[in-house]
Ligand SMILES: [Zn+2]
């Protein structure tokens, strides 16, 4: 007879609405990040569990007795400092703190789930908080979290044979894994996530180049992030192939041709010197396209010009010459095999041009291949007041 009463009393000490595991796991008293426990009554973080530790003192002064250790995920009672048995009723808190996946659970993941308020949310399509000016970071994180093989790599990272090394030597990969696992979690208490821990890590590693304070072009951030994640995975897994090189990286042949200019009948003419051209092969994470600037159209603000992406991609057919400075032109040729996922960035000089994307983009005319190399548009990133991403989900577009 006493057991159910005791259990109910203990459960009254748990206030799920105050639990938030998105923020830095540091002690609210000492600011230390060692051996941190979450008080399940008020949601605050306290260090230690021995007598005179901040957590112990908190239990004495507040009467809050239930705690969760954020490192070993054990529930315990203070001030007695005893482990708490019968944790099945609080397993949802562990799912919320540290979602885990198997190949099977990914396949069987529900499309929708309920948060603590019984509000339905679309699993995988939850918002990331914009603290200040970090929407440029959020869209890139969402973009990567929706590239299926990259998503699955991060969902299953805790089961990776080098996971222990990765957590120790590459916090950015570890924290991205936790964020992706939260984004795809059907066990969220609230249907938005604060990417605080990962952004702090990004800010630190990039020497404050990418922070919440100053907006940056998502393209620059994406290249930096993918380079960083890839190179740290190469080091920690001792393999030159990573989910990024396998899914996003392509090869390109760049030929640089010198040009000379001469005045002919008061006109400047350029001549290319093909015999002095140099060709190098390079790798790319994304292809940049320049949208032609039409000042006449920009002057007429209501006029929107449309340009086909196929026409812009002619830049990469190996024969179109692009002037890079007054002494050189370049040709670019994308090489096979192209990556399974192609990221294209537009250098825009005005808002009066719309790029049209076909239902299926066949890249073989740029590689001069016989077989079709088809791509379908699955996500777009754009800037209005802030950066937003649209993701394709079952033939519908969802904007976040
Ligand atoms: Zn408390």
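The values are calculated or read from the model by the stated rules, or taken from the named source; none is laboratory data. In this text, all values refer to a predicted model and were calculated from it rather than measured experimentally. Methodologically, a virtual Cβ is constructed for each residue, glycine included, from the backbone with ideal geometry; neighbour enumeration extends over all protein chains shown.
Just to verify a result, which residue in region 23-35, among those that are farther than 22 Å from residue 85 by Cβ and out of contact with any helix residue (DSSP H, G or I) (no Cβ under 7 Å at 6 or more places or on another chain), is nearest to the ligand (Cβ to nearest atom)? Outline the logic, then answer.
Initial filter on region 23-35 (farther than 22 Å from residue 85 by Cβ): 23-34.
Then keep just the ones that are out of contact with any helix residue (DSSP H, G or I) (no Cβ under 7 Å at 6 or more places or on another chain); that gives 25-26, 28, 31-34.
On the way: 25: 15, 26: 16, 28: 10, 31: 17, 32: 17, 33: 19, 34: 19 Å.
Filtering first and then ranking leaves 28.
Given the conditions (1) within 29 Å of residue 172 (Cα to Cα); (2) exposed (fewer than 15 other Cβ atoms within 10 Å of the Cβ), which single one is not true for residue 243?
Looking at each condition in turn, residue 243 falls short on (2).
Every residue in region 81-106 that is within 16 Å of the ligand (Cβ to nearest atom) and more than 22 Å from residue 26 (Cα to Cα), please.
84, 90
Select, from 254, 193, the only residue that is farther than 30 Å from residue 121 by Cβ and touching a strand residue (DSSP E or B) at 6+ places or on another chain (Cβ under 8 Å).
254
May I ask you to verify whether residue 73 is within 11 Å of the ligand (Cβ to nearest atom), assigned to a loop (DSSP other than H, G, I, E, B) and in contact with a helix residue (DSSP H, G or I) (Cβ under 8 Å, 6 or more places away or on another chain)?
For residue 73, the condition - within 11 Å of the ligand (Cβ to nearest atom), assigned to a loop (DSSP other than H, G, I, E, B) and in contact with a helix residue (DSSP H, G or I) (Cβ under 8 Å, 6 or more places away or on another chain) - is not met.
Among the residues of region 138-163, what is the count of those that are part of a helix (DSSP H, G or I) and touching a strand residue (DSSP E or B) at 6+ places or on another chain (Cβ under 8 Å)? Quick ask: steps written out before the conclusion?
As a first pass, look at region 138-163 and keep what is part of a helix (DSSP H, G or I): 138-145, 148-155, 157-159, 163.
From the residues that got through so far, the ones that are touching a strand residue (DSSP E or B) at 6+ places or on another chain (Cβ under 8 Å) too are 138-143.
Result for region 138-163: 6.
Within region 373-386, which residues are surrounded by 11 or more Cβ atoms within 10 Å (Cβ to Cβ) and more than 11 Å from residue 342 (Cβ to Cβ)?
Result: 379, 380, 381, 382, 383, 386.
How many residues does region 177-211 hold that are part of a loop (DSSP other than H, G, I, E, B), farther than 17 Å from residue 109 by Cβ and in contact with a helix residue (DSSP H, G or I) (Cβ under 6 Å, 6 or more places away or on another chain)?
First pass over region 177-211, keeping only residues part of a loop (DSSP other than H, G, I, E, B): 184-191, 194-195, 206-211.
Of the ones still in play, those that are also farther than 17 Å from residue 109 by Cβ are 189-190, 194-195, 206-211.
The next check asks that each one be in contact with a helix residue (DSSP H, G or I) (Cβ under 6 Å, 6 or more places away or on another chain); those that pass are 189, 195, 210-211.
Total meeting the criteria: 4.
Could you list all residues from region 76-112 that are part of a strand (DSSP E or B) and loosely packed, with under 15 Cβ neighbours inside 10 Å?
Pass one, region 76-112, residues part of a strand (DSSP E or B): 76-77, 82-83, 112.
Passing the criteria: 82, 83, 112.
Of all residues being surrounded by fewer than 22 Cβ atoms within 10 Å (Cβ to Cβ) and assigned to a helix (DSSP H, G or I) in region 37-66, which is nearest to the ligand (Cβ to nearest atom)? Just the residue, please.
62
Could you tell me whether residue 333 is modelled with pLDDT of 90 or more and exposed (fewer than 11 other Cβ atoms within 10 Å of the Cβ)?
Values: modelled with pLDDT of 90 or more: yes; exposed (fewer than 11 other Cβ atoms within 10 Å of the Cβ): no.
Criteria not met by residue 333.
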